[in-house]
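The next block holds one structure in the form of structure tokens; read it before the comments.
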Amino acid sequence: MYEEIDYNKFYRLIGDNIKKIRKEHKDSQEALAKKIDMSRGFISQVESPGLTGIGVSLDTLLRICIVYNIDIREFFVGFGKLINVKDNPNIEIKEYVNN
């Protein structure tokens, strides 16, 4: 059975994680924007939790992964809580092991 996902919360989660990762690398929005060939305004929109409907493409996420040498799963930290995984029998969680 398909459960409706609140995409605005999903976009905010990704935006918050991008902001956290950027700050961990001590970059400004402008610095990140230059590194991934985007505008600072776009980075600001993606990171702003108050805005609705602002998503980011897989291409952009991959660019950030390359720049910061991170795993793409970093952007989805907290997703399980967002969709209430423990109480949803329709979702199977798989453990991933790095070899």
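Where a number appears in this text, it was derived from the coordinates with a stated rule and is not lab data. All values reported here derive from a predicted model rather than from experimental measurement. So basically every Cβ, Gly included, is an ideal-geometry build from the backbone, and we count neighbours across all protein chains shown.
Table for the structure above
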| read-out | value |
| --- | --- |
| Additional length obtainable on full extension of the chain from Ser57 to Ile72, 0.36 nm per residue less Cα span | 4.2 nm |
| About the Cα centre, charge dipole magnitude for the stretch 7-83 (Lys/Arg +1, Asp/Glu -1 at Cβ), debye | 180 |
| Rough spin-label spacing in nm, given labels placed 7 Å along Cα→Cβ, for Lys81 and Cys65 | 2.4 |
| Cα-based Lys proximity count in the stretch 7-83, under 26 Å, for pairs eight or more positions apart or on separate chains | 16 |
| Once the Cα gyration tensor of the stretch 7-83 is diagonalised, semi-axes √(5λ) in Å | 18, 14, 11 |
